[in-house]
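Beneath this line is the structure, given in structure tokens, with notes to follow.
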Amino acid sequence: MNSTPEADWLNLLIGLLQGAQLQLLRVLDALGLARHVHGQPAWPWAQRLSGENLLIDLGQARSLAWTLVLVAVAALALLLSLFWRRPRYYLLALVPMLLTAAPWPEPRVVLVPATPTSFHASPTGFTAVSIAQGRVLYQQNCVACHGADGKGEGPLAASLAVWPPDLSGPLLWRRADGDLLWRILHGTRDAQRGGQPTMPGFAGKLGEADAWALVDYMKAQGAGQSLRALGSWPQPIGLPDMAVRCGSQPPRLLASWRGQRMRIVAGDAVLTEDPRLVTVLLRPPSSAMATSADCVADSAAAWEALSLIAGTDQLAGTQLIADRDGWLRARGAPGKAGWSDDDLLCRSERAPVAWGQGAAAPPADGLGALIARMDAQPVRFVKGGFIH
């Protein structure tokens, strides 16, 4: 989920792989060599460089990193040989030596099957409206097999050749959003069963916008199920975007505050503003009570989306805090006074700096300590091997 000091180089490596492939796709598109599928340039090959496997197999990741270094040195030596005549033969002799010495990783680890939409980016922005739309579509098309909770235990699951996957588990987070889009629209096949279909494609019933809404809903549903089962968000989940009214100003999107910490307070509550956070009151859709809150969100979709992510049907009284990058990090339970470290539900694996060992004195209040830890331990999320 997040980076440790030892894994900083791995995040850099995965970022380089992702960036190189995206740039290659953009170049192909600019040259007219990439066809468009579902509104975006399609990846033209059946395989792509894997980031997700490198997260699991650190040894192969190291091999790939050293191989790339040696290949870069070999390329430099080859380039120098074109302009530096005297040591040309020594430089040319160095190239095969470097390529031979490189600890080439196993192809099955570095290369994984790709779909034409592997590098597609979701156009929805992960909004409350999209999640609500996805919920309706999920109930209409997916519940029978995947179940209402996404755990793959729907009424038709037992009759299928292959049991549906658990969408609330880590499988969902290991796949790129574009690959999920392809599977929704074009179905899945079991390679171990001779390519036998295991899920039908819904391209005849759903459009691209519908499929992206389903992806958003599955993310929100998976986050809520994880919170119910584990008491935390083991995989980061973003704060859904929604319309907010602040006084007499025109409505603005929650994402316009990106770069500032956000606090969402659900229910008709008397708010205490805090300069360290932007506070938004999330009101129940049916509420008619007057409020003195500066900023208010009151759409049914927003209430529904945050109830789903928070894993509760009783959202009133819940407080949620998102960091400067828009990741939901902490939840305050209804009726709880103050904040504590236990409320930090999306944590970094990086060990916190002990007070007095290069860190400033701890803040006096629980919220201050929580904010300090969030800032010191930012989320670095890798989904499907791609840094988002």
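Applying the condition of being under 23 Å from residue 173 (Cβ atoms) and exposed (fewer than 13 other Cβ atoms within 10 Å of the Cβ) to segment 88-118 and asking which residue is nearest to the chain's Cα centre (by Cα) yields 113.
Can you name the residue in segment 160-185 that is among the hydrophobic types (A, V, I, L, M, F, W, C) and not in a helix (DSSP H, G or I) and is also surrounded by the most Cβ atoms within 10 Å (Cβ to Cβ) among such residues? For segment 160-185, the residue satisfying everything is 176.
Let's see how each residue does on (1) open to solvent by 60 Å² or more (accessible area, probe 1.4 Å); (2) in contact with a strand residue (DSSP E or B) (Cβ under 7 Å, 6 or more places away or on another chain); (3) on the phi > 0 side of the Ramachandran plot; (4) free of Cβ contacts under 8 Å to residues at least 24 places away in the same chain:
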| position | (1), (2), (3), (4) |
| --- | --- |
| 211 | no, no, no, no |
| 214 | no, no, no, no |
| 220 | no, no, no, no |
| 229 | yes, no, no, no |
| 244 | no, yes, no, no |
| 247 | yes, no, yes, no |
| 262 | no, yes, no, no |
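Considering each residue of segment 268-288 in turn, none proves to be in contact with a Ser or Thr (Cβ under 9 Å, 6 or more places away or on another chain) and within 20 Å of residue 379 (Cβ to Cβ). Within segment 249-260, the set of residues being surrounded by fewer than 19 Cβ atoms within 10 Å (Cβ to Cβ) and either in contact with a helix residue (DSSP H, G or I) (Cβ under 6 Å, 6 or more places away or on another chain) or at negative phi (or both) comprises 249, 250, 251, 252, 253, 255, 256, 258, 260.
The set of residues in segment 79-118 being touching a residue at least 24 places away in the same chain (Cβ under 8 Å) and in a helix (DSSP H, G or I) consists of 98, 99, 101, 109, 110. Here 293, 297, 266, 305 are screened, and the one residue that is at pLDDT 95 or above, open to solvent by less than 50 Å² (accessible area, probe 1.4 Å) and farther than 16 Å from residue 344 by Cβ is 305. Can you tell me which residue is nearest to residue 236 (Cα to Cα) among those in segment 340-364 that are open to solvent by less than 60 Å² (accessible area, probe 1.4 Å), in a loop (DSSP other than H, G, I, E, B) and at pLDDT 60 or above? Ranking the candidates gives 346 first. If the condition is being surrounded by 20 or more Cβ atoms within 10 Å (Cβ to Cβ), of a type in the set (A, V, I, L, M, F, W, C) and assigned to a loop (DSSP other than H, G, I, E, B), then segment 119-149 contributes 119, 126, 142.
The values are calculated or read from the model by the stated rules, or taken from the named source; none is laboratory data. Because the structure is predicted, anything quoted here is derived from the model rather than measured. Positions of Cβ are generated from backbone atoms using ideal geometry, with glycine treated the same way; all protein chains shown enter the neighbour counts. Surface accessibility is based on the protein's heavy atoms, side chains included, excluding ligands, DNA and RNA. Shrake-Rupley method; radii C 1.70, N 1.55, O 1.52, S 1.80 Å.
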